[in-house]
Amino acid sequence: MNAHNPSGWRPEMGEGGNLDAVATTSGDRGLMLEEALIFELGAPGKCGVELDEPACDPVPGLARFLRKAPPALPGLTEPETVRHYTRLSRQNYAIDLGPFPLGSCTMKHNPRLNEKVARLPGFADLHPLAPQQTVRGALEVINQLAEWLITLTGMHGVAMTPKAGAHGELCGLLCIKAAIEARGEARSVILVPESAHGTNPATAAFAGFTVEAIPATAAGRVDLAALAARLGPDVAGVMITNPNTCGLFEREMKTISDAVHAAGGYVYCDGANFNAIVGRVRPGDLGIDAMHINLHKTFSTPHGGGGPGSGPVVLSEALCPFGPLPFTARTADGVVHLVEEEDAEAFGHAQAFGRMAAFHGQMGMFTRALAYILSHGADGLRQVAEDAVLNANYVLRSLEDVLSAPFAASGPCMHEALFSDDGLPEGFSTLDLAKGLIDEGFHPMTVYFPLVVHGAMLIEPTETESKAGLDRFIGSLRSLAERARASDPSLKTAPHLAPRRRLDETLAARKPVLVWKEAAAGG
Ligand SMILES: *Cc1c(COP(=O)(O)O)cnc(C)c1O
């Protein structure tokens, strides 16, 4: 039960629970502030700063480049501008306001220490073209982080440059491609389980491979027999997420790797869920050849709103020689070296397939990730994984009596609890529960992914939520599930308390209005 709203719904909301009828003159409702588009607010000629007229005529010959008419800028004073963005920011939901239970995304608290470290002038003010001898500290950060990643994953080397998970996938597949070409073979197929994140098949296709799906078993794991049956001389490799997107650990990973290797292929692991096993499992021990690590998921750092990310790729001994430059690898002396073009030959890296990025990667993310790793230490990182898994299992077991949990019988989940809308009455679905959560003050969970489960709800609480916080979330979701089971019609029109009602998402996607109409704004 939610302590803040024990009945789950407030009867005073009236017929259908619809607050639309409550109109105010300003459009604001209490402290929930309405806000127009900036172009509707502004007026031409208004400005936050006063600029002098240019003192001299433009350079002769350049006059033809001058605007004929003033630009269509909104025109706001400074306080109007500040209020506009502050009002908009209050309509935002953020990890600093409450839990962000999105499965697969790993939205966890970003310790402020990370931000402090990333903003140290010696890091924040680095120029990518600064001579290397003047930025030894930054290179040392990259090297230390690389060493941690190599050690934590039990792999041989790491390409630090990929800019996000999907970019890392591309890097890993290009390594596999280079390795196969070096063997003089032509293998064109990448096998991807049905439950995979959409980036996996997309990346494989982008890298020029043909993608084939491998089915999952009823227990939510890769169908080993189907995989083994498909292996052959045309298969370049497999892309497997572990823990997988059903929130389960692929227990047969070593068997899968051995079978793929025996058939001459390579094993790519989508490591986006590494936060569930960091400090507990070394992917290198499971026979994995390449794996990206989403620094922005496993090692904190905020990525809401689309960035920034960083997706270093760890490689096995077999794939290391093909890793892109710059590349970081442990050499025979046990020391981790950053290898660049000029010393590639000397470090046995002459077969590098090329580069993934112009410079060394996302420096701001490296500093944040290393700060996170060093402040947790090896034992702290292991506890991160254990607590993330504990929290997800708490959510799973607390709700399995009101929501269908398709793999609950497969044993404990990893860091994500997966539910489906099977068993909800006719007309009620995952979308209704997600929209209801907005009224309850929570960001919805991931919905309709993975595709292998009907009306999937994938919930990742992460280790940073307290038990009290989890109880509040569970109480809200439980009350919504109970309302759905009682066929409460008001749930069908949720959210009622958000700045906007339920939107027609199909219309928004099919007919987006992307153009500001000057006439309508009176400009
Ligand atoms: C997030 C995620 C990706 C993609 O990572 P980006 O950093 O967003 O490119 C790939 N696979 C899985 C399972 C993910 O959760």
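The values are calculated or read from the model by the stated rules, or taken from the named source; none is laboratory data. Note that the structure is a prediction, hence the values are computed from the model and not measured. All Cβ positions, even for glycine, are placed from backbone atoms using ideal geometry, and neighbour counts span all protein chains on display. Surface accessibility is based on the protein's heavy atoms, side chains included, excluding ligands, DNA and RNA. Shrake-Rupley method; radii C 1.70, N 1.55, O 1.52, S 1.80 Å.
Accessible area per residue of the chain at 1.4 Å probe, in Å²?
On the way: 24860 Å² over 523 residues.
So the chain comes to 48 Å² accessible per residue, rounded to a whole number.
Determine, at each q value in 0.23 (inverse angstroms), the log₁₀ of I(q)/I(0) that the Debye formula gives when each Cα of the range 170-261 is one equal point scatterer.
-1.24
Per 0.36 nm of contour for each residue apart, how much would the distance between residue 211 and residue 429 grow if the chain were fully extended, relative to their Cα-Cα spacing? Don't jump to the answer; show the numbers that get you there.
Details: separation 218, 0.36 × 218 = 78.48 nm, distance 3.13 nm.
Answer, rounded to one decimal: 75.4 nm.
Need the full-extension length gain, residue 73 to residue 143, defined as separation in residues times 0.36 nm minus the C-alpha distance. One decimal, nm. Provide the component values of the computation, followed by the final result.
Values: separation 70, 0.36 × 70 = 25.20 nm, distance 4.61 nm.
Length gained between residue 73 and residue 143: 20.6 nm.
With each label point set 7 Å from Cα along the Cα-Cβ vector, what nm distance links residue 85 and residue 343?
The answer from the label model is 4.3 nm.
Order the peptides 292-300, 67-75 from the highest to the lowest mean number of other Cβ atoms within 10 Å of their residues. Can you show the working numbers first?
Numbers: 292-300: 27.8, 67-75: 10.7.
Averaged packing, sorted descending, gives the order 292-300, 67-75.
Please turn the phi angles of the range 458-463 into ³J(HN,Hα) values with the Karplus equation 6.51 cos²θ - 1.76 cosθ + 1.60 (θ = phi - 60°), one per residue in order, whole Hz, x for glycine and proline.
10, 10, 10, x, 6, 6
Run the helix sum for the chain: -39,500 (n - 2.57) per DSSP H stretch of 4+ residues, divided by residue count, reported at 222 nm to the nearest 500 deg cm²/dmol. Don't jump to the answer; show the numbers that get you there.
Numbers: 14 runs with 165 residues, N = 523.
The per-residue figure over the chain is -9500 deg cm²/dmol.
If the only charges are +1 at each Lys and Arg Cβ and -1 at each Asp and Glu Cβ, what is the size of the charge dipole of the range 387-523 around the Cα centre, to the nearest 20 debye? Let's see the in-between values first.
Details: 14 positive and 19 negative charges, 114 e Å.
Result for the range 387-523 is approximately 540 debye, rounded to the nearest 20.
Tell me the relative contact order for the chain as a rounded percent, counting alpha carbon contacts under 8 Å between residues six or more apart. Write out the running numbers ahead of the final one.
Working: 909 pairs, mean separation 101.5, N = 523.
Once divided by the residue count of the chain, the mean separation gives 19 percent.
Excluding residue 210 itself, what net charge comes from residues whose Cβ is under 14 Å from its Cβ, given Lys and Arg +1 and Asp and Glu -1? The partial results should precede the final answer.
Working: positive: 177, 187, 230; negative: 212, 234.
Value of the local net charge: +1.
What dipole magnitude, in Debye to the nearest 20, does the chain give about its Cα centre under +1 on Lys/Arg Cβ and -1 on Asp/Glu Cβ?
Working: 43 positive and 59 negative charges, 100 e Å.
Its charge dipole is roughly 480 debye.
Sort 201-209, 44-52, 438-446 by the packing proxy (mean of other Cβ within 10 Å over each peptide's residues), most packed first.
On the way: 201-209: 18.4, 44-52: 9.2, 438-446: 20.9.
Most protected by this proxy first, the peptides run 438-446, 201-209, 44-52.
Just name one of 293, 236, 344: the one whose Cα is farthest towards the positive end of the charge dipole of the chain (beta-carbon charges, Lys/Arg +1, Asp/Glu -1).
In the chain, that residue is 293.
Just want the answer: with Cβ charges of +1 for Lys and Arg and -1 for Asp and Glu, which residue in 320, 214, 33 is farthest toward the dipole's positive end in the chain?
33
Dimensions of the range 368-463 along principal axes (Cα, Å, largest first)?
Here the Cα extents, ordered largest to smallest, are 51, 30, 23 Å.
Quick one: 3J(HN,Hα) in Hz for the range 276-291, Karplus 6.51/-1.76/1.60 with θ = phi - 60°, rounded, Gly and Pro as x.
Whole-Hz 3J(HN,Hα) from phi for the range 276-291: 7, 10, 4, x, 10, 10, 9, x, x, 6, 9, x, 7, 9, 8, 8.
Peptides 399-405, 346-352: what's the order by average Cβ count within 10 Å, highest mean first?
Per-residue mean Cβ counts within 10 Å order the peptides as 399-405, 346-352.
Apply the a/c threshold of 1.5 to the C-alpha gyration tensor of the range 90-183 and tell me whether it is rounded, prolate or oblate. Display every interim value, and only then the final one.
Working: a/c = 2.18, a/b = 1.21, b/c = 1.80.
Since a/c reaches 1.5 but b/c is at least a/b, the shape of the range 90-183 is classed as oblate.
Calculate what fraction, in whole %, of the accessible area of the chain sits on carbon and sulfur atoms when a 1.4 Å probe is rolled over the protein chains.
Numbers: 14550 of 24860 Å².
With neighbouring chains kept in place, the figure for the chain is 59 percent.
Any idea what the dipole of the range 389-452 comes to, in debye rounded to 20, about its Cα centre with Lys/Arg Cβ at +1 and Asp/Glu Cβ at -1?
Value, rounded to 20: 220 debye.
Where does the range 204-315 land on Rg(C-alpha)/(2.2 N^0.38 Å)? Walk me through the intermediate numbers first.
Values: Rg = 14.5 Å, N = 112, 2.2 N^0.38 = 13.2 Å.
Normalised Cα radius of gyration, the range 204-315: 1.10.
Given a cut-off of 34 Å, what percent of all Cα-Cα pairs of the chain lie beyond it?
On the way: 65780 of 136503 pairs.
Above the 34 Å cut-off, the chain has 48 percent of its Cα pairs.
Got a sec to turn the phi values of the range 309-318 into Karplus ³J(HN,Hα) couplings, 6.51 cos²θ - 1.76 cosθ + 1.60 with θ = phi - 60°, whole Hz, x for Gly and Pro?
Once θ is set to phi - 60°, the couplings for the range 309-318 become x, 7, x, x, 10, 8, 10, 6, 4, 5 Hz.
What full-extension length gain, to one decimal in nm, is calculated for residue 185 and residue 333 as 0.36 nm per residue of separation minus the Cα-Cα distance?
Details: separation 148, 0.36 × 148 = 53.28 nm, distance 3.27 nm.
My answer for the length gained is 50.0 nm.
With Cβ to Cβ distances under 14 Å as the rule, what net charge do the other residues near residue 237 carry (K, R +1; D, E -1)? Numbers along the way, then the final one.
Values: positive: 177, 183, 187, 230; negative: 169, 181, 185, 212, 234, 258, 270, 289.
Charge balance near residue 237 sits at -4.
Taking a threshold of 31 Å on the Cα-Cα distance, which of the pairs 163/254; 108/511; 177/254 fall above it? Before the final figure, lay out the partial values.
Values: 163/254 29 Å; 108/511 34 Å; 177/254 22 Å.
The pairs that break the limit, which is 31 Å between Cα atoms, are 108/511.
Kindly provide the Kirkwood hydrodynamic radius of the range 136-370 in Å, to one decimal, from all pairs of distinct alpha carbon atoms. Before the final figure, lay out each step's value.
Numbers: mean 1/r = 0.0572 Å⁻¹.
So the Kirkwood estimate lands at 17.5 Å.
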